There are 4 protein chains.
Amino acid sequence: MSQPIRKIGLLTSGGDAPGMNAVIRAVVMTAAVQGIEVIGFSHGFNGIFSNEFQQLHRAQVLHIIQQGGTILKSARCKQLEQPNGPAQAAELLHKNGIEALIVIGGDGSFRGCQAIAPFYQGQIVGIPGTIDNDVDGTDFTIGFATALDTALDAIDKIRDTADAFERIFLIEVMGRHTGYLALAAGIASGAEQIICPEYGDVDVVDLQRDIQQLQQQFGRSSYIIVIAETMYPAGATALAAELTKATSIECRACVLGHLQRGGSPVGSDRILATKLGAYAVEQLLLGNAHLMMAGEQGGQAVLFPLSLTGDKKKQTDRYLLDWQERMLQDSSPRKV
Amino acid sequence: MSQPIRKIGLLTSGGDAPGMNAVIRAVVMTAAVQGIEVIGFSHGFNGIFSNEFQQLHRAQVLHIIQQGGTILKSARCKQLEQPNGPAQAAELLHKNGIEALIVIGGDGSFRGCQAIAPFYQGQIVGIPGTIDNDVDGTDFTIGFATALDTALDAIDKIRDTADAFERIFLIEVMGRHTGYLALAAGIASGAEQIICPEYGDVDVVDLQRDIQQLQQQFGRSSYIIVIAETMYPAGATALAAELTKATSIECRACVLGHLQRGGSPVGSDRILATKLGAYAVEQLLLGNAHLMMAGEQGGQAVLFPLSLTGDKKKQTDRYLLDWQERMLQDSSPRKV
Amino acid sequence: MSQPIRKIGLLTSGGDAPGMNAVIRAVVMTAAVQGIEVIGFSHGFNGIFSNEFQQLHRAQVLHIIQQGGTILKSARCKQLEQPNGPAQAAELLHKNGIEALIVIGGDGSFRGCQAIAPFYQGQIVGIPGTIDNDVDGTDFTIGFATALDTALDAIDKIRDTADAFERIFLIEVMGRHTGYLALAAGIASGAEQIICPEYGDVDVVDLQRDIQQLQQQFGRSSYIIVIAETMYPAGATALAAELTKATSIECRACVLGHLQRGGSPVGSDRILATKLGAYAVEQLLLGNAHLMMAGEQGGQAVLFPLSLTGDKKKQTDRYLLDWQERMLQDSSPRKV
Amino acid sequence: MSQPIRKIGLLTSGGDAPGMNAVIRAVVMTAAVQGIEVIGFSHGFNGIFSNEFQQLHRAQVLHIIQQGGTILKSARCKQLEQPNGPAQAAELLHKNGIEALIVIGGDGSFRGCQAIAPFYQGQIVGIPGTIDNDVDGTDFTIGFATALDTALDAIDKIRDTADAFERIFLIEVMGRHTGYLALAAGIASGAEQIICPEYGDVDVVDLQRDIQQLQQQFGRSSYIIVIAETMYPAGATALAAELTKATSIECRACVLGHLQRGGSPVGSDRILATKLGAYAVEQLLLGNAHLMMAGEQGGQAVLFPLSLTGDKKKQTDRYLLDWQERMLQDSSPRKV
């Protein structure tokens, strides 16, 4: 690493997230000023194996900051999971003169980085791009803020119908292992109830009691429940049917699904993406970035070991979790 | 009807649709200029039976044109479906001095109007508010244009992910009996395929062939299928699983559901709502409106018999149906 | 014209409008099925003179239906306005084997078509793409519906501040010669006042009286005035200052300007664009389209002579103009 | 302060900001659980003087989290600026049994709090609601994130036209004394140039040189300049005219103005508002909040002395300021 880097590889991997293109732009533009080539591999790690890559020029990326998706495409890569996959990937990177590798993705993508590292001479740096916000070492992942606003846009619309019919709506948001998105979407939509791992399992009897208490306090009203995607194994639609039966109020489910992944990134995601993309390149040039993730903590770009990004020590906001639980409590004897 | 009307009843019924509040506003403001009171019943026809109503003042409705949902609430009404329900409703209307009734809703709501009419002395006029656009006698129903844009917003976002992964996505839109929304959303999103009643049943083998043909022509690419809600009885998710198996390309389903009903109405819905709300009042005052629907044809407000609104003679756009079928045809021997 | 057309020229000219890319897509895809090449000229008519053009393939346009702007770029063309410009353009079209020409634009662009026609052997067809909706022969121009919703989005936001401060806001929308956009934006935003050519000149004394009457009726309230861009020669900011002085209520101006031209087209613009693009190609193939515009009337695609598109016989909606004038009238002795 | 608080006063003051209603909701709901009354004063501090206030109930605020503007209205208050205004305000608060006061606003509103404090027995706490993000002691003010996304939405649209015509656009955003919004909007829109106080005065010759350099590097292209509102005293339109003359490329100005203040708050603003509203009430109950602002630093709610909120020690992001300056630098001899 004593001699200057001349050629960087770049790829997007795992589930796509709004802001990935903004990272690509920042990487290419920062590198260009230093006279460094950026080679973009297509379809995640697959592009390394299939030799699908292209040099990325500034003119190509100058105006992609607002585009959803990823111009480099993404995909799972089965070849990397083969026993000799990582060694082979490293060899191909060397063969193509790639002196450092930047990978934009989440947890799984970062494990891929770590698998390749023992066989690879250059630095490998990760940039957290996932709507789940479940990566340790960064306050926010790129894409989370946009996915939150997409979910809110949908929930605000559903509130109109829920209000018109004074119905219960169950809205399932993404987030397999953590409740970041469910908590944020629930708080920000003013949901009456949030179901996420941090609150424990779903209990239909508890739900029924909460709904009835609210109706005693406020009269008939809409009731919105935001639920994280794996909290009710039979699915949101089945839970909606159970709630309809239990409460005798019509309850409908709405699964937001993949629409949360797309769309033009919001401002904070574009800024975070720009910062981390630029910072990753700068840190590579300083030789600091090997097996590190470029994240942001307290507004400052930081490096954080890739090996620790999956530790799941990062916590959803305890303050908001508590507040939500209390906010509709009865305050008898005073009336609302 | 020889003496002037002094008090009009107004209610929203059936599935809610963006623009219902804009109609309420136009009715109240047009009536106010003529010195006529407007009484708003709550929860659709239920408000008549339960005596839930209020006088609507201009100051209340002046700034609701942009609000989704309906300030009058909506609901199905079981009492109206009882044998003596319609007579009872008429009696209650008379008792409350309601000299004419305006009902904003769809097909089912208009049948309610017709049921009450034999027992009621005043005029009853309908205004088409439904996202389905399946009401005869009007080019567009209030709410359709907004629901289309809501669906497009979602499909555009999903296209980002579909492109990033070169995947198939099945997107289910509302519209039980007709394909207006599916056709419009499919054309306007640039969907590769549309499945709606007008094209006949789903054939997985045909779909598979079309997908493979497209890939031969264009290489790997995203593939979006818009499907109307009842076209595959087992549901969009089941069809997605079948397609994944048949094509070996990952196919995901996304059911847009109730988010299509809410939201701030788009401009064309607000204008249509304003026009039809004002026109309904004017025609009531002229004594022309009994058992008529206020609709729009060729840009002009018109009256159309409520009894014919459910005839289902209105056609989805044949020109667009044909174009969509041809647009991806192979043009060999010339290449794309 | 007896032998089949093999190569069509296509360009976008004049002010850009949302939906121009959707037209380009429809033209290319419709032509491709017939085995016809489409040559896209860059920068409007300039591309003809400067030989800037490219063959447009389906793969390039398949997914551009949702993009704002125009991939072919637009510009005024000074060369076409030179005495021998039209003849020269025709000669260059012939030289490049362009057997028919499709021009997407407004009034000025259509005059360009007519100037070239005497020197050109092939058919020239126009497609109305302009946010102004001021083209005779079509109910709507491509881009108008989107510009309306962009304006509404802004006005709805300004209403929040106007309400919070009970202030007057003057909002200037585009539309130099006609009030289509001002009337539509004013009606659909629930503006208290609309100033557009159809209502005659601005009279500050009248405005002041209307504002004070409203305040007597409704108490202090926000007051939104939508004004078409050339209605007050000194500009909206100057008029705001005058109104502040006249009413002693703070009045602010907001000039929406060019943000009305951009953005992803709404559904109705995408559908109209698709229809007219496809129809223009079909009519060219039938030999019907020479010096015609492809427009839409009453939901049907139609041909209309280019020479008549600027006749200005098309009227803004008289019904809505009248309703707006009356809607806030006092209805004494009854209170609001 | 030894006895429990039973009645809190609440008002919104200064320029409105998206998220003010979300704060009101959180204050009322948090207080209700503790059995505390919240009295909302109308029109900022004016409501104290004019006795315009109401008790706020949970049912009123339950579903206002997504609403722009402020249900309590806002306004400047001249009476508070009178010599005896603050003492009088304190007396009226006492008279109405207001035992603590929460003020949502910016710098100027916080000075009002400090003016009243010497005459008032209870705690006064501020909550930062302003789109300018220029308040010391909190990482972000409520409303900033929404105003950023509103500006981006406009700039993205203008980029379409700028691209279509390869034109220069000057876009003026709010922010009188600081460049937070201009820097954020410029970075996040991918603007080619940002003009804000942190970069020093506008120099037309420098601008001209930068524009020409970019065109040498990238060919003709759109060029977007984001400018903070007071950076060119003659106004953005005058600067646009100067640039047109200097570069011979058409340059247009667009002043975003008040549309940046309105609209439904984005998720991060709703969450921040909820957190700070709840925290302010909790800290009041603990007796900690006197003359403090409830802010957020590093994700944690904190108290910060109101007297220091206007110190202007808070810095715009130095890292992004530097990156923006370098990002388009020429990297000769390597080509883009």
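The values are calculated or read from the model by the stated rules, or taken from the named source; none is laboratory data. Please read these numbers as outputs of a predicted model, since none were measured by experiment. Here Cβ is always computed from backbone atoms with ideal geometry, including for glycine, and neighbour counts include all displayed protein chains. Ligands, DNA and RNA are stripped out before the accessible areas are found, and what is left, the full protein with its side chains, is counted by its heavy atoms. Shrake-Rupley method; radii C 1.70, N 1.55, O 1.52, S 1.80 Å.
Only a single criterion out of (1) buried (at least 24 other Cβ atoms within 10 Å of the Cβ); (2) at pLDDT 95 or above; (3) not charged (D, E, K, R) is not satisfied by B:Phe140, namely (1). Only one entry in A:Glu242, A:Glu296, A:Glu229 is open to solvent by less than 40 Å² (accessible area, probe 1.4 Å) and touching a residue at least 24 places away in the same chain (Cβ under 8 Å), namely A:Glu296.
So that you can scan it fast, the table gives a plain yes or no per residue for (1) modelled with pLDDT of 95 or more; (2) within 21 Å of D:Val226 (Cα to Cα); (3) in the same structural domain as D:Glu99 (by TED's automatic domain parsing); (4) in contact with a helix residue (DSSP H, G or I) (Cβ under 8 Å, 6 or more places away or on another chain):
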residue: D:Leu291; (1), (2), (3), (4): yes, no, yes, yes
residue: D:Ala294; (1), (2), (3), (4): yes, no, yes, yes
residue: D:Ala301; (1), (2), (3), (4): yes, no, yes, yes
residue: D:Thr316; (1), (2), (3), (4): no, yes, no, yes
residue: D:Leu320; (1), (2), (3), (4): yes, yes, no, yes
residue: D:Gln324; (1), (2), (3), (4): yes, yes, no, yes
residue: D:Met327; (1), (2), (3), (4): no, yes, no, yes
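Can you name every residue in region A:268-293 that is free of Cβ contacts under 8 Å to residues at least 40 places away in the same chain and under 30 Å from A:Leu152 (Cα atoms)? Across region A:268-293, the qualifying residue is only A:Ile271.
With a requirement of 2 or more residues that are under 18 Å from A:Ala280 (Cβ atoms), the strands (runs of 3 or more DSSP E) lying completely within region A:1-59 that satisfy it span A:7-12, A:37-41. The test for being open to solvent by 10 Å² or more (accessible area, probe 1.4 Å) and of a type outside the set (Val, Ile, Thr) holds for B:Gln82. Among the residues of region B:299-320, those identified as away from chain C (no Cβ under 13 Å) and open to solvent by 30 Å² or more (accessible area, probe 1.4 Å) are B:Leu303, B:Phe304, B:Pro305, B:Ser307, B:Leu308, B:Gly310, B:Asp311, B:Lys312, B:Lys313. Of the residues D:Ala145, D:Ala89, which is more than 14 Å from chain C (Cβ to nearest Cβ) and either open to solvent by 10 Å² or more (accessible area, probe 1.4 Å) or assigned to a loop (DSSP other than H, G, I, E, B) (or both)? One residue alone meets the criteria, D:Ala145.
Among the residues of region D:84-133, the one identified as basic (Lys, Arg) and more than 25 Å from D:Leu272 (Cβ to Cβ) is D:Lys95. Pairs meeting the criteria (first residue in region D:34-56 and under 22 Å from C:Asp160 (Cα atoms), second residue at pLDDT 95 or above and assigned to a helix (DSSP H, G or I), beta carbons under 6 Å, at least 6 apart or on different chains) are D:Phe41/D:Gly47; D:Phe41/D:Ile48; D:Phe45/D:Leu80; D:Phe45/D:Gly112; D:Phe53/D:Gly47; D:Leu56/D:Val28. Scanning region A:214-226 for residues that are within 13 Å of another protein chain (Cβ to nearest Cβ) and either surrounded by 24 or more Cβ atoms within 10 Å (Cβ to Cβ) or not small (Gly, Ala, Ser) (or both) turns up A:Leu214, A:Gln215, A:Gln216, A:Gln217, A:Phe218, A:Arg220, A:Tyr223, A:Ile224, A:Val226. Here A:Ile155 clears all of (1) within 21 Å of the chain's Cα centre (by Cα); (2) more than 14 Å from every other protein chain (Cβ to nearest Cβ) except the condition numbered (2). Would you check which residues across region C:252-269 are more than 7 Å from chain D (Cβ to nearest Cβ), of a type in the set (Gly, Ala, Ser) and open to solvent by less than 30 Å² (accessible area, probe 1.4 Å) and list them? Once the filter is applied, which keeps residues that are more than 7 Å from chain D (Cβ to nearest Cβ), of a type in the set (Gly, Ala, Ser) and open to solvent by less than 30 Å² (accessible area, probe 1.4 Å), region C:252-269 yields only C:Gly267.
Remark: pairs (first residue in region A:127-141, at positive phi; second residue open to solvent by less than 10 Å² (accessible area, probe 1.4 Å); Cβ separation under 7 Å; 6+ apart in sequence or on different chains) = A:Asn133/A:Thr141; A:Asn133/A:Leu181; A:Gly137/A:Met293; A:Gly137/A:Gly295; A:Gly137/A:Thr309.
Taken together, D:Thr161, D:Thr130 contain a single residue that is farther than 22 Å from C:Leu152 by Cα and among the hydroxyl-bearing types (Ser, Thr, Tyr), which is D:Thr130.
Within region A:6-23, residues that are within 15 Å of A:Ile48 (Cα to Cα) reach partners that are aromatic (Phe, Trp, Tyr) with beta carbons closer than 8 Å, at six or more positions or on different chains, in the pairs A:Gly9/A:Phe41; A:Gly9/A:Phe53; A:Leu10/A:Phe41; A:Leu11/A:Phe41; A:Leu11/A:Phe45; A:Ser13/A:Phe45.
For region B:97-109, the count of residues that are touching an Asp or Glu at 6+ places or on another chain (Cβ under 7 Å), away from every other protein chain (no Cβ under 13 Å) and buried (at least 24 other Cβ atoms within 10 Å of the Cβ) is at least one.
Please go through region A:162-193 and give me each residue that is part of a loop (DSSP other than H, G, I, E, B), more than 20 Å from A:Arg252 (Cβ to Cβ) and at the interface with chain D (Cβ under 10 Å from one of its Cβ atoms), ordered by number. Answer for region A:162-193, where residues must be part of a loop (DSSP other than H, G, I, E, B), more than 20 Å from A:Arg252 (Cβ to Cβ) and at the interface with chain D (Cβ under 10 Å from one of its Cβ atoms): there is none. All of A:Gly137, A:Gly68 fail the test of being in a loop (DSSP other than H, G, I, E, B) and either within 14 Å of chain B (Cβ to nearest Cβ) or hydroxyl-bearing (Ser, Thr, Tyr) (or both), apart from A:Gly68. Checking every residue in region A:95-103 against the condition of being assigned to a helix (DSSP H, G or I) and touching a residue at least 12 places away in the same chain (Cβ under 8 Å) gives zero matches. Being in contact with a Gly (Cβ under 9 Å, 6 or more places away or on another chain) and within 27 Å of B:Asp156 (Cβ to Cβ) holds for only one residue in C:Leu101, C:Leu80, C:Leu93, C:Leu62, and it is C:Leu62.
The sole residue among B:Ala87, B:Ala75 that is in contact (Cβ under 8 Å) with a residue 12 or more places away in the chain and farther than 29 Å from D:Ile64 by Cα is B:Ala87. Taking the numbered list (1) within 14 Å of chain B (Cβ to nearest Cβ); (2) crowded, with 24+ Cβ neighbours inside 10 Å in turn, A:Ile249 passes all entries but (2).
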